[in-house]
Amino acid sequence: MAEFAIIEQPAAGVYEDPSEGGSLADEALYGSVCRVLSHAGGRARIRSHYGYEGYVRSGDIRFVAEAEARAWLSADLRVVDAMFLDILRRPDI
């Protein structure tokens with residue numbers, strides 16, 4: 001099992017328990033790195049970077065190894081303030 005995960009939804013619901021009808025307790029934002037404590041039944045129990053624990057849908061996260069989580073956290077970040085944009089690996093003119 002991967003030890004870490006990266007949130008892959010704009011806002012992933014973090015629930016108090018793993019059941020489908022559980023209470024929403026928090027939201028994890030896109031790109032956040034969290035520690036995976038357990039994973040079963042389409043849910044993962046996570047701990048956020050600020051220490052909050054809860055359950056997210058497995059489809060809302062990407063499981064990664066610690067090395068990839070550290071690389072993600074140390075990468076350059078960009079903030080885009082636009083309605084629409086194309087994201088390219090390199091300039092394409």
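The criterion of at least 3 residues that are open to solvent by 90 Å² or more (accessible area, probe 1.4 Å) is met by the following strands (runs of 3 or more DSSP E) wholly inside the stretch 1-49: 24-29. In the stretch 58-69, the residues that are closer than 12 Å to residue 6 by Cβ form Cβ pairs under 9 Å with partners that are modelled with pLDDT under 95 and among the polar types (S, T, N, Q), at six or more places apart or across chains, as follows: 60/9; 61/9. Filtering the stretch 27-68 to residues that are of a type outside the set (Val, Ile, Thr) and in contact with a Lys or Arg (Cβ under 7 Å, 6 or more places away or on another chain) leaves 34, 35, 37, 38, 42, 43, 47, 53, 55, 57, 58.
The values are calculated or read from the model by the stated rules, or taken from the named source; none is laboratory data. Keep in mind it's a predicted model, so treat the numbers as computed, not measured. All Cβ positions, even for glycine, are placed from backbone atoms using ideal geometry, and neighbour counts span all protein chains on display. Accessible surface areas use protein heavy atoms only, side chains included; no ligands, DNA or RNA. Shrake-Rupley method; radii C 1.70, N 1.55, O 1.52, S 1.80 Å.
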